[in-house]
């Protein structure tokens, strides 16, 4: 390859062309790598669509296992995103604006679920909220059991998806110029008013894209859910779990569920792009 | 009447200022960059707490380390204009001007009426529904001033009020600004790097050097101190 490059350079020099020596082979190499990578990503996704006919897809959409998983997933992911936003927004705002002892620790802890393997999260949640868990044993006294219920699905999703929102929210809050907050205070705005009318609106696009990413992560949650919530159709069997289950018998249903998730994923990417482009 | 005695440890020196401004009087604060001019404004408006000292405005004590009083910025009723004006970018001109009134318990029709009156007085009525991102420097300055004055503040703090205004518009804006300050009849502190600002806006001139008041007097008196290096270059321009 070196010799061809050398020859090309000579060619360029002799013809007095522009100084682009060695660029062509490099560009070619990058193009090939890029094409291979794109193929590697798109081929499997495209295969989903190629492996099933439209009729089969529509037919499996009517199957209870698919419908149950779809509705359960949408409901739980929405609820867990709402919980993450509700708890995560004040936390992100405080950590972006206030310095207090232990802030670095709080930051590390909120990031923990990102690096924690989902299976670890699952067993950890079970050890905490399971019937004989650290907290679960006391809840059990009151007849409350969380593990293997829809509540467990939501908890697992909140656990794994919260960092995606909190990180993004914190970064967006930090990007808001403090001057606006100072100006608002001198105009008579209480700290709560400053947060609601200045900081949050100015960080809005970042907050929305963080929430969308968090929703997507909740929707795709598999490992922690299957360990902590189990795999019961209609109660804890979310779409990823249903794909895993139906794959062993009814492949069409599995593929249909997968296609729905692919469509949602594309919608998520598009939504994030649209929201982040419209920066104020 | 505003009277300030404030001490605060800054990165390079200890800021220790004592000054007072009467009602209807404008004090111009000059000094090198980093002498602590903007910090003095922040200490007065409550955005930054002094380490110790006492700040009183009229009958009210805004800060007192002795009596452990520290009125939060939102309750000081001080109009503070920032150098970059800090207009809220997600709001229109009239929303910016209405912001402070909405923070108080003012009814909606009253807010609309007061804002419209203020905008008219500041020649901003045509721009009421314009997003502030589209305004010129001079227009921004007027909106920022309108936003502060609509609340009838008891003190006005202006940080480089004309720095972002077009050179050609500065003279007219300066005259307008002086009239507004006079009409408000409240104490006013102006931080500036501009000799014309100092001469035309100021009743008194105060020179800050490394956090200390190095000179305080009429503009003529202070500008006469040619032995001072800063004054020599400031007045020489």
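Things to note:
- Antiparallel DSSP beta bridges within chain B, percent to nearest 5: 60
- In this calculation the C-beta distance from residue B:169 to residue A:23 is compared with R0 = 45 Å, giving a FRET efficiency of 0.35.
- Springs join every pair of Cα atoms under 10 Å in this Gaussian network model of chain B, and among B:226, B:11, B:76 the largest mean-square fluctuation is at B:11.
- Going by neighbour counts of Cβ atoms within 10 Å, the residues B:212, A:167 line up, fewest first, as B:212, A:167.
- Using the Cβ-Cβ distance between residue B:70 and residue A:232 with R0 = 56 Å, the FRET efficiency computed as 1/(1 + (r/R0)^6) comes to roughly 0.45.
- Inter-centroid distance (Cα atoms) of segment A:197-215 relative to segment B:65-94, Å: 25
- Computed lengthening from residue B:203 to residue B:220, 0.36 nm per intervening residue step minus Cα-Cα distance: 5.1 nm
- Taking the C-alpha atoms of segment A:154-276, convex hull volume expressed per residue in Å³: 105
- Computed label-point distance, nm, for sites residue A:204 and residue B:3 using a 7 Å Cα→Cβ extension: 4.8
- Here the alpha carbons of chain B define both size measures, Rg and Dmax, at 17.8, 57 Å.
- Label separation (residue A:98 vs residue B:108): 3.3 nm, computed from points 7 Å beyond Cα along the C-beta direction.
- Going by neighbour counts of Cβ atoms within 10 Å, the residues A:37, B:88 line up, fewest first, as A:37, B:88.
- Tail fraction, Cα-Cα pairs, the protein assembly as shown, threshold 34 Å, whole percent: 57
- What separates the Cα centres of segment B:165-237 and segment A:123-153 is a distance of 70 Å.
- Where only DSSP H runs of four or more residues are counted, the protein assembly as shown gives -18500 deg cm²/dmol as its mean residue ellipticity at 222 nm, each run worth -39500 (n - 2.57).
- Extending 7 Å from Cα along the Cβ direction at residue A:61 and again at residue A:267 yields two label points whose distance is 1.2 nm.
- Sorting the Cα pairs of segment A:99-232 by distance into bins of 10 Å, from 0 upward, gives 12, 30, 28, 19, 10, 1 percent per bin.
- Inverse of mean 1/r across different Cα pairs in segment B:102-237, Kirkwood, Å: 16.7
- Beta-bridge orientation, the protein assembly as shown: approximately 60 percent antiparallel, per DSSP, counting only bridges with both partners inside.
- Fraction in percent of alpha-carbon pairs per bin - 5 Å, chain A: 1, 5, 9, 11, 12, 12, 11, 9, 8, 7, 5, 4, 3, 1, 1, 0, 0, 0
Bear in mind that the values in this text are calculations on the coordinates, not laboratory data. As the structure is a computational prediction, the values presented were derived from the model and not from experiment. No Cβ is skipped: glycine too gets one built from the backbone with ideal geometry, and neighbour counts run over all protein chains shown.
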